[in-house]
Every structure is written in C-alpha cells, then in structure tokens.
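Presented below is the structure to which this report refers.
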Amino acid sequence: MQVTLKELAERLKLAPSTVSRALKGHPDISEETQLRVRRLAEELHYAPNVMATNLRCQKSNFIAVVVPEIRRDFYAAFVNGAEKIFRENGYFPVLFQSCEDFRQEEAICRSIGVSRMGGVLVSVAQTTHFFQHFYSLQEQGIPLLFFDRIAGELDTDRVITDDFMGAYEVVRHLIVQGYRKIVHYAGVQHLQVAQKRRLGYLQALQDFHIPVEEDMIVYCNTAADVSLYTPQLMQSLAPDALFAVDDDMAVEVLSVLKEMGYRIPDDLAVCGFSGDNITKVTEPGLTSVDRHAEDMGEISARLLLERIQMPHKFPTVTKMIKPALVVRKSTERPVRPLE
C-alpha cells in the first residue's frame, strides 16, 4: 500500500506541512531536514498525490479523452495518436468510455469537473441530444475540443473528417464502376457525421443524374437493425450496391448477404466508411474510406495543448481532415459502362 504524506510525517515526527516543503526544496527548511525527508521518502517509495495537488493548484497535467467505444478501431487509433503528443509534452491522458450512453457521458463530465482535468478531448455519444454537461465544463474554465462527433452548438475547437467528401467519393467510385441502384444505410439521424455522409451520397447521385428514391436511404442504429432490414430490402428494392455509414455496419451487411446466398461482388457491391482494420481481412476485402484516425488524434492533441497554454489567444478553430478512398474487392465488379 502506498505511503501517504501524513504517514511520512508521523515517522519523521514532523508536521505534514514541513515534510511537504522539504520535498519541494523550500529554503525555509534546513538541508539536514530536507535530506532526512528525502531519504525516508525514497526508502518507502513515497509518491505525491498528483490529483490532490491539481485540486489545490487549480491546474492539471491530466487530459480526459472521452470516446463512445474504445473497441472501435477508429477510437483506439485516435487515442494512440493523441497519447503520443500528450506524453511528449508532459501530459497524461485519462480514458473514459461513454458506451454510447448520454447518462454515462454526463457522469463522466461531472467527474472531470471535480478532478479539474487540464483539458478534454471528446466525441459525443449516439444518445446525446443535449449538451449542458459540456457547457458546465466550459464554465469551469476547462478547455474542450470535440473530434469526429461534435456538439454543433458549442463554441469550441474541433477536429473533424470531411465526411461529405468521403461519402461523395465512395459513391462516385460505385457509379463509375457502373452501379446504379445504390442503397445507403444512413445511421443515427441526428449525428452530424451521419448527416454529412448522407448529403455526400445524395450529391454524388445528383451530379451523375441518378434518381434518388426515398426508400433507398435506410436509417439503422445498430447491427441488429441491419440483420432485420437487409432481407426485406433485397426483396423489395433489389439494389446492386450497398453503402454503409460505417465499417461495423458494412461488415454486418457482408455477413447477412453471405448467409442469404449472395456473392460479393458478383451479385452486388458493399462498401463502408472509416478504414477499420477489419476491412483488410473480410472476404472479400471491404472498400472503405480511411479517416486517418491516428493523425486526427495527433492534430487534436496539439490543438488542445495550444488552447490550454493560450486559452484566449485565438478564436476557436475547426480543422478538417481529408479522408482517402481505399478500394478493395467488394466493389470490383462493373455492372455496365457509364452512359
């Protein structure tokens, strides 16, 4: 069990305040006393309570990183990139998962406020519609930066993917390959990332003069929704391509279609969005849009550190990361030449 400052003081028969000043090399404490204190501290492997110090000093070198689910490759890679920059600059990330739960996200923000973390990187949960918990952190003077999923109404720094262009490029690729009846699994309607990808999908169809039918956009929140809707959709619409809002959903589409006896890409094309590692090992390999998650983590961490060091120096910043289309076998088969 770790020894406390009070226990150290009791062993030395000194006041805790004297021990604290001695450990900090305070000039009021004699060199002899400082030496005694340091020797015993080393012997007992004493380490100061950094969080308690943060509370007293109103500052912290701990940064909260709040993600919906760390199991997702995107968030894991993002955290890896952010952590690298934080540690290079003497900061330590503390990871929290909202588990896509608004209430959990609220509780996390309360904990961050009590701990007075030095700053926060956050991507909002699917079920978050109100942002008072983030306003509260701002009111406490804790710098906030949103990445990927943002709280649009808050005036904060943010780092996002160009989701519109990423979706546009993947649908354009499908059209150039000869696909025409392209269904979009559109995800959670209120999330800005899903909205932008839907708009990119629609714009690509419009630019190539392909009519859009209302039932070609299917709103799915979970993989279970995909399992439920796909058999009905294949029967009623007979699409020749399916574009999913993220790779989790696209992988589930592949699985369901295989169970139904469809051959990909011989019978129809499937593609996703995010560039998760699983897209490299599915059979067939899954066409997707790489969001450069680790780079986004590094950029977000640098921008947050700038804000921490100069809180009022510059207006809030939005940085947009250009994604990259990664074409694999799942969209290879041309249906017919473009007219």
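The values are calculated or read from the model by the stated rules, or taken from the named source; none is laboratory data. As the structure is a prediction and not an experimental result, all values here were calculated from the model. Every residue, glycine as well, gets a Cβ built from its backbone with ideal geometry; the counts of neighbours run over all protein chains shown.
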The one condition Tyr201 fails out of (1) more than 16 Å from the chain's Cα centre (by Cα); (2) in a loop (DSSP other than H, G, I, E, B) is (2)
Filtering region 178-197 down to residues that are buried (at least 21 other Cβ atoms within 10 Å of the Cβ) and assigned to a helix (DSSP H, G or I) yields Val193, Ala194, Arg197
Within region 242-258, the residues that are in contact (Cβ under 8 Å) with a residue 12 or more places away in the chain and either touching a Pro at 6+ places or on another chain (Cβ under 9 Å) or part of a helix (DSSP H, G or I) (or both) are Asp247, Asp248, Met249, Ala250, Val251, Glu252, Val253, Leu254, Val256, Leu257
With the first residue restricted to region 94-111 and required to be more than 17 Å from Ala151 (Cβ to Cβ) and modelled with pLDDT of 95 or more, and the second required to be of a type in the set (A, V, I, L, M, F, W, C) and in a helix (DSSP H, G or I), Cβ contacts under 9 Å at 6 or more apart or on different chains are Val94/Ile112; Leu95/Val79; Gln97/Ile108
Here, strands (runs of 3 or more DSSP E) confined to region 278-339 with at least 2 residues that are surrounded by fewer than 16 Cβ atoms within 10 Å (Cβ to Cβ) are 318-321
Of (1) in a helix (DSSP H, G or I); (2) surrounded by 22 or more Cβ atoms within 10 Å (Cβ to Cβ); (3) of a type in the set (Ser, Thr, Tyr), Ser60 fails just (1)
Filtering region 65-100 down to residues that are part of a loop (DSSP other than H, G, I, E, B) and either over 16 Å from Ala301 (Cβ atoms) or hydroxyl-bearing (Ser, Thr, Tyr) (or both) yields Pro68, Glu69, Ile70, Arg71, Arg72, Tyr91, Ser98, Cys99, Glu100
Selection from region 17-37 of residues loosely packed, with under 15 Cβ neighbours inside 10 Å and assigned to a helix (DSSP H, G or I) yields Ser17, Glu31, Glu32, Leu35
